[in-house]
1. Could you tell me the calculated FRET efficiency between Gln224 and Trp123, based on Cβ-Cβ distance and R0 = 51 angstrom, to the nearest 0.05?
2. Could you list Arg117, Arg280, Arg217, Arg187 in order of exposure, starting from the residue whose Cβ has the fewest other Cβ atoms within 10 Å?
3. Using 0.36 nm per residue, how much length does the chain from Ile62 to Ile214 gain when fully extended, once their Cα-Cα distance is taken away?
4. Which of the listed residues, Ala61, Ala109, Tyr6, is farthest toward the dipole's positive end in region 4-306, when Lys, Arg count +1 and Asp, Glu count -1 at the beta-carbon?
5. Could you list Ile180, Ile50 in order of exposure, starting from the residue whose Cβ has the fewest other Cβ atoms within 10 Å?
6. With a sphere of radius 12 Å drawn around the Cβ of Ile28, what net charge do the other residues whose Cβ falls strictly inside it have (Lys, Arg +1; Asp, Glu -1)?
7. Give the long-range amide H neighbours of Val161: residues separated by 5 or more places, or on another chain, with amide H under 5 Å away, using H modelled in the peptide plane at 1.01 Å from N.
8. Roughly speaking, what is the stretch gain from Leu295 to Val8, that is 0.36 nm per residue apart minus the C-alpha to C-alpha distance, in nm to one decimal?
Amino acid sequence: MHANKYLVAMMLAMVGWGVGNPIADIAIEHLDPVSVTVIELCCGLIVFFIVAIVLPSLRNAIKHVPWRIAIPIGLLQPGLAYFLGNIGWQYGTVTTGAILMSSEVIFLAIGGALFLREKLNLWSVVALLVGVTGAIIVGIAGQSTNPETSGQYVTVLGMSVSAGLIGALAFLGVGLSGAIYGLFMRRLKSDVNTIALTLGQMTAASTLSILVLILTRTDIPTPQSVGNYFYMAVLAGVIGTTLPFLLFNFAAPNLTTKQTALSLNIIPVVAILFGAVLGRGLPVGTQYLGILLVLASLLALESGHDKETESALTSPAFPKS
């Protein structure tokens with residue numbers, strides 16, 4: 001039961017990211033990926049400081065940021081991952097993104113077995129496969145109503161490349177970045193200040209986004225130039241950055257890699273269903289089968305068959321800064 005609060009926190013983080021994805025997809029319709037990333041990350045950081053005004057624990061965290069850990073983690077996730085994700089939204093769809101970004105589950109489980117010496121017993125493998133299958137079904141079943149961008153090409157290094165391929169590779173990059181981040185957090189000591197780590201992480205990512213903005217000479221749009229799409233980018237940042245990362249950083253050091261991997265299946269389900277609410281493609285009957293499979297994988301995790309929480313199976317933790 002002790003791990004339940006961490007699993008609940010992890011699941012809530014996934015819901016936040018799942019809701020934020022289709023909102024960012026809407027913003028990308030009239031904003032470029034660099035602008036959306038800057039707005040998302042900076043708004044998330046601003047929210048942190050606003051809340052810190054009234055919460056002493058957040059103000060205290062400002063003085064104890066573990067920069068040696070936070071900077072590389074923040075540059076990777078959300079820094080690089082959010083840039084790649086927004087490139088994906090530019091050339092893909094919510095459905096396609098949900099399918100390909102769920103590859104994080106596979107990358108994370110394999111990484112846990114290879115680098116953290118976490119054993120994949122038969123029950124864990126079955127639960128993992130069921131969850132991944134459910135996530136893929138949810139995505140594939142929506143292809144008929146929410147097709148991937150087609151007929152567009154992008155020039156990369158002088159070569160003409162399918163826009164759909166660019167989007168797909170970007171989404172896979174998000175999955176790989178997220179898996180590496182999850183493995184880093186799995187190795188982290190549970191007593192590291194989660195709030196301070198998240199602050200450093202968001203600061204590093206926001207700084208990276210601003211640097212890219214300057215180097216690419218991208219102009220930040222305004223509400224006057226793009227209307228409500230600007231506020232959609234702001235909303236994506238408020239919902240899908242600081243709070244989910246706080247929850248994830250709180251939970252990840254206290255869960256196995258497989259528990260994190262299984263929870264990740266929530267993201268595509270929430271993303272596609274919430275995307276349907278926002279008019280990003282309606283769900284079809286088969287998608288509900290996928291949702292049930294994802295829920296079944298989570299129930300299997302909680303049924304007590306996956307007992308791998310022994311400290312002996314984990315690698316040495318990162319040193320505290």
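None of the figures in this text is laboratory data; all of them are computed from the coordinates on show. Small disclaimer: the values here were computed from a predicted structure and weren't measured. Note that we place each Cβ from the backbone using ideal geometry, even for glycine, and neighbour counts take in every protein chain shown.
1. For Gln224 and Trp123, the calculated efficiency is 0.35.
2. Numbers: Arg117 11, Arg280 21, Arg217 7, Arg187 16.
Ranked by crowding around the Cβ, least crowded first: Arg217, Arg117, Arg187, Arg280.
3. Values: separation 152, 0.36 × 152 = 54.72 nm, distance 2.63 nm.
Computed gain between Ile62 and Ile214 is 52.1 nm.
4. Ala61
5. On the way: Ile180 20, Ile50 11.
Fewest to most other Cβ atoms nearby, the residues stand as Ile50, Ile180.
6. After counting each charged neighbour, the total is -3.
7. Val154, Thr155, Val156
8. Here the answer is 102.0 nm.
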